[in-house]
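Reading through the structure tokens given below for one structure.
We did not get these values from a lab; they are worked out from the coordinates using the rules stated. All of these numbers come straight from a predicted model, not from anything done at the bench. With ideal geometry, Cβ positions are generated from the backbone for all residues, glycine too; neighbour counts draw on all protein chains shown.
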Amino acid sequence: MIFFALYAIAFFVIEFFTESDVYWGSLSANQWIMVLVFSQSLGAFYVQGGGKEQLVRVTGLITQRINNVIGGLYDRISKRRSG
């Protein structure tokens, strides 16, 4: 993971000095690919460090909150139509 993170950073910087035919926005296609490789390596570090369990806990809380809000809206709408 460290190799891919450092490789992505190095290749991203080197691409500023090379000429490319394909640009997406202000970055070359290779630079966008290196952004993806770097983000994947950061994601792997996150999962390896136990972040996955924290993420499951947070998404559970968010889902519960959304269900509370949606459930409350549904109750108000159904009471308004029945009354």
Fewest-first sequence of Glu15, Glu53 by Cβ atoms within 10 Å of each Cβ: Glu53, Glu15
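In Å, what Kirkwood hydrodynamic radius results for segment 1-67 from the alpha-carbon pair distances? Can you show the working numbers first?
On the way: mean 1/r = 0.0714 Å⁻¹.
The answer is 14.0 Å.
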